């Protein structure tokens with residue numbers, strides 16, 4: 001059981017990175033040109049990141065090789081963080 005957060009404590013920042021690019025092969029995750037990756041941005045929560053990911057994925061639906069990803073930066077920055 002987790003400890004309750006004190007009322008004066010700031011909520012954890014659960015940073016997420018959204019980026020995408022063209023893949024060489026649809027069966028893997030190897031980009032054609034990493035210098036052309038689309039860095040959409042860093043978002044303070046999963047909901048914001050998913051909204052950005054969805055918008056970019058829908059905008060590029062005509063390009064079968066274009067893929068967007070959400071990276072949970074908070075898990076890389078603090079691997080011991082409790083997963084929500």
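Among residues of the stretch 34-50 that are closer than 20 Å to residue 65 by Cα, those with a beta-carbon under 8 Å from a residue that is in a helix (DSSP H, G or I) at least six positions away or on a different chain give the pairs 38/56; 40/52; 40/53; 40/56. In the condition set (1) at pLDDT 95 or above; (2) outside any helix (DSSP H, G or I); (3) farther than 16 Å from residue 17 by Cα, residue 81 is compliant with all but (1).
Can you name the residue in the stretch 54-78 that is without any contact (Cβ under 8 Å) to a residue 40 or more places away in the chain and assigned to a helix (DSSP H, G or I) and, of all such residues, is nearest to residue 14 (Cα to Cα)?
Taking the stretch 54-78 as the starting set, the residues that turn out to be without any contact (Cβ under 8 Å) to a residue 40 or more places away in the chain are 54-59, 61-62, 64, 75-76, 78.
Checking which are assigned to a helix (DSSP H, G or I) leaves us with 54-59, 75-76.
Working: 54: 19, 55: 20, 56: 21, 57: 22, 58: 24, 59: 26, 75: 8, 76: 11 Å.
Across the stretch 54-78, the extreme among qualifying residues is 75.
Within the stretch 34-44, the set of residues being outside any helix (DSSP H, G or I) and either touching a strand residue (DSSP E or B) at 6+ places or on another chain (Cβ under 7 Å) or surrounded by 15 or more Cβ atoms within 10 Å (Cβ to Cβ) (or both) comprises 37, 38, 39, 40, 41, 42, 43. In this structure, is residue 51 outside any loop (DSSP other than H, G, I, E, B) and within 27 Å of residue 25 (Cβ to Cβ)? No.
The values are calculated or read from the model by the stated rules, or taken from the named source; none is laboratory data. Just so we're clear, the structure is a prediction, and the values are computed from it rather than from any experiment. Note: ideal-geometry Cβ built from the backbone for every residue, glycine included; neighbour counts use all protein chains shown.
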